[in-house]
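A short reminder: the numbers here are calculations on the coordinates, not readings from a lab. On a predicted model such as this, the values are computed, not experimentally measured, just so you know. Glycine gets a Cβ as well: all are built from the backbone with ideal geometry, and neighbour counts include every protein chain shown.
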Amino acid sequence: MDKVILAEKFALIDEHWRPKVVGELNGQEVKLVKAKGVDFPFHHHANEDEMFLVVKGNLKLEFRDHMVELAAGEFTIVPRGVEHRPVAEEEVEVMLFEPAALLNTGNIVDEKFTAPTGAKI
């Protein structure tokens, strides 16, 4: 039952789009990710909802019919089955709440963006 200092954990992340697990609870993982770029692929998660909480910076979540812009301290939940893609024009730090072992690219596998599941820091 140690505390997690987000700034320290984010400082350990040296790549973009590769979520790292920092906690687990009730079958869910708390993940941290640094993101930067505008070419992440559209994807969906057939059976899982996904929560994005911006810790630092700004993140856009593009959907096929609209966009949600998030600043530090704001979050949104993407319902299962909804196609989306994160866009970060500048580096952003994001906390994710997701079911354990959820593939970050959902229904697609992409050599550049698909991260190994369960990677911890």
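Summary of the geometry: the range 68-121 and the range 9-24, compared by the centres of their Cα atoms, lie 12 Å apart.
As a length-normalised measure over Cα pairs under 8 Å and 6 or more apart, the relative contact order of the chain settles at 32 percent.
Annotation: peptides 42-49, 96-103, 21-28, ranked by per-residue average of other Cβ atoms within 10 Å with the highest first, follow the order 96-103, 42-49, 21-28. Segment Leu6..Met67, full-extension length gain: 19.3 nm, with 0.36 nm per residue of separation and the alpha-carbon distance subtracted. For Asn58 and Ala101, a Förster radius of 30 Å and the Cβ-Cβ distance give a FRET efficiency of 0.60, rounded to the nearest 0.05. Its residue count N sets the reference 2.2 N^0.38 Å, and the alpha-carbon radius of gyration of the chain equals 0.97 times that reference. Taking amide H as placed 1.01 Å from N in the peptide plane, the amide H of Val30 sits under 5 Å from that of Val22, Gly23, Glu24, Leu25, each at least 5 places away or on another chain.
A Cβ-based charge dipole, computed about the Cα centre of the chain with Lys and Arg at +1 and Asp and Glu at -1, lands at about 220 debye. Rg then Dmax, both in Å and based on the Cα atoms of the range 23-78: 12.2, 33.
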